[in-house]
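> One structure coming up, written as C-alpha cells, with questions to follow.
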Amino acid sequence: MTMEDIKLIEVKEDILADNDAAAKELRQRLKREKTCLINLMSSPGSGKTSLLLKTIEALKNDFRIAVIEADIDSLVDAEKIAQAGIQSVQLRTGGSCHCDVSMVTKGLAAIDAGAVDLIFLENVGNLVCPAEFDTGATKDVMILSIPEGDDKPLKYPLMFSKCHVLLINKIDFLPLSDFNPKLLKERVKRLNPGIEIFEVSCKTGQGIDRWVDWLKKTVSDYA
Amino acid sequence: MHELPVTEKILNIVVKHAQMNRVSRVVSITLKIGELSDLEGEWIQNYFNYLSKGTVAENAILKIEKVPIVFKCNRCQHEMEVKKEQLGEIICPHCSNKGDFSLISGREYFIKEMEAQ
Ligand SMILES: Nc1nc2c(ncn2[C@@H]2O[C@H](COP(=O)(O)OP(=O)(O)O)[C@@H](O)[C@H]2O)c(=O)[nH]1
Ligand SMILES: [Mg+2]
Ligand SMILES: [Zn+2]
C-alpha cells in the first residue's frame, strides 16, 4: 500500500444529531398532547426522590402526575412513588449513565401519557452524562445539595448551563457548612443568566412552596 | 463517562460513509470534540478497537481535535474563548459584563473526516 491509495472522506456528521432530532420531535409531541415533562437531574443522593415525593404531595390535587424512574438502583424509588398513589414506570437503562430519547419514549409508552398533565423523569444520578443527552423534556431541572459544595458549577459547567431551574437542596445543612450560596449563584448565573434558583429543604419543607408555584405556572402556561 | 454509546454511534456513521464511498479499509477518523465534554480520548479508542473488530474500520486510529469553549457577551456581542477552569469567573474584556453570556461552542461531538483505502 502506498500513501496515494489513501483518500480523505469528508464525513461532517454530528454524533448526537439523531438524539437531538428525536428530542425536538418528542418535545413537539408532548406540547400537542399538553403533557409537561420535567427532567430531574443531580448526583446520587442529592434528593431527587425526596423532592419528587414532596412535590407530588403538594400537587396531586392540582394535576394528574406520573413518574418515569431511570435511576440505576431505584426500584426502591419506584415503590416509594407508587405508595404515594402515582403512576410510575421503572426504565431499564441497562446500566447506562444517562437517559436518551429512545428510553424516555419507552417509558412514555408504559404510562397513559395523554391522561396526565405532568410527568417527572428521575434521570440517572450524575452531573456529567445526562447533561449531554437531550431527553425531549419540556424543562430541565437540576438539584445541587449543600454537602456537595459551591464549586460544582466549575466542575460540571455543561449541566449548570443547560438547566431551566436549579434547586439548592438540603438548605437545612447550611449552618453546618462553608457552602456560600451567594458565590454559587454568581457562578451559575455567569454560565446561565436565565436560570431560576430556589433554595429548598426536602426535610423541613423550606422553600418547597416557591418551587411548586413555579411548576404550577409552568404547567398552566403550557396547557 | 458515556464513551461506549458515543463510540457505537461513531462506528455506525463511519461504516455508513465507508459503504457510500466504496472503500474497504478505514485508516483514521478525525473527531471534533468540545472542551466542555468529559470524553476520554483513550477510552474512546479502546472501545472503538473492541467494537470495530471485523468491520471496515478495524484498526482505525481516532484523532481528536478539541474545540475551544467560546462564549458571546450578550451586551456587546464580543466573543471570547474561556478555559474550563475560568468558567465561574467569566468577565467580558470589552464591556466588563459579568453575567450575561451565550455559549457559542464547546459542546461539539462531530465526525469531521476519515482517511480510507
Ligand atoms: N437533611 C436533609 N436530608 C435530605 C434532604 N433531601 C434529601 N435528604 C436525604 O438525602 C438522602 C438521599 O435522598 P434521595 O432523595 O434518595 O436522593 P436521590 O438519590 O437524588 O434520589 C436521603 O437519605 C434523604 O432523606 C434535605 O433537604 N435535607
Ligand atoms: Mg432517587
Ligand atoms: Zn461585553
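The values are calculated or read from the model by the stated rules, or taken from the named source; none is laboratory data. Everything numeric here is computed off the predicted structure, so don't read it as measured data. A quick note on method: Cβ atoms are made from the backbone with ideal geometry, for glycine too, and the neighbour counts reach across all protein chains shown. Keep in mind that these areas ignore ligands, DNA and RNA; they rest on the heavy atoms of the full protein, side chains included. Shrake-Rupley method; radii C 1.70, N 1.55, O 1.52, S 1.80 Å.
> Using helices alone, what [θ] at 222 nm do you get for chain B, with -39,500 (n - 2.57) per DSSP H run of 4 or more residues, divided over all residues and rounded to the nearest 500?
After summing the helix terms and dividing by residue count, I get -8000 deg cm²/dmol.
> How much area per residue is accessible in chain B when the probe is 1.4 Å and only protein heavy atoms are counted (Å²)?
With the other protein chains kept in place, chain B gives 51 Å² per residue.
> Then there's this: Can you grab the distance from the C-alpha centre of the range B:17-46 to the C-alpha centre of the range B:56-117, Å, no decimals?
Using only Cα atoms to place each centre, the spacing works out to 19 Å.
> How large is the dipole of the protein assembly as shown about the Cα centre if only Lys and Arg carry +1 and Asp and Glu carry -1, each at its Cβ, rounded to the nearest 20 debye?
Dipole of the protein assembly as shown, to the nearest 20 debye: 700 debye.
> Same structure again: Considering the options B:N97, A:L176, B:L39, tell which one lies farthest towards the positive end of the dipole of the protein assembly as shown, charges being +1 on Lys and Arg and -1 on Asp and Glu at the Cβ, about the Cα centre.
Result: B:N97.
> For the range A:19-173, build the charge dipole from Cβ charges (+1 Lys, Arg; -1 Asp, Glu) around the Cα centre, then report which of A:L118, A:P157, A:F133 sits farthest towards its positive end.
Of A:L118, A:P157, A:F133, it is A:L118.
> If you roll a 1.4 angstrom probe over the protein chains with everything in place, what fraction of the accessible area of the protein assembly as shown belongs to carbon and sulfur, to the nearest %?
Here carbon and sulfur together make up 49 percent of the probe-accessible area.
> Rolling a 1.4 Å sphere over the protein heavy atoms, what is the accessible area per residue of the range A:39-214, to the nearest Å²?
On the way: 6750 Å² over 176 residues.
Result: 38 Å² of accessible area for each residue.
> Placing +1 at every Lys and Arg Cβ and -1 at every Asp and Glu Cβ, with all other atoms neutral, what dipole size does the range A:39-214 have around its Cα centre, in debye to the nearest 20?
280 debye
> Add -39500 (n - 2.57) for each DSSP H run of 4 or more in chain A, then divide by its residues: what number comes out at 222 nm, to the nearest 500 deg cm²/dmol?
Result for chain A: -11500 deg cm²/dmol, rounded to the nearest 500.
> Now, a different point. For a test of understanding, tell me how many lysine pairs in chain B have Cα atoms under 21 Å apart, given they are 8 or more places apart or on different chains.
Counting lysine pairs in chain B gives 25.
> Roughly how crowded by other chains is peptide A:13-20, in terms of the mean Cβ count from those chains within 10 Å of each of its Cβ atoms?
Values: counts 11, 7, 15, 6, 4, 3, 2, 1.
Average per residue, whole number: 6.
> Further question on the same structure: Just the number, please: buried accessible area between B and A, total of both chains, 1.4 angstrom probe, nearest 100 square angstrom.
3400 Å²
> Oh, and also: Strictly under 4.7 angstrom between C-beta atoms: which cysteines of chain A have no such partner?
For chain A, the answer is A:C36, A:C99, A:C163, A:C202, because their Cβ atoms have no other cysteine Cβ under 4.7 Å.
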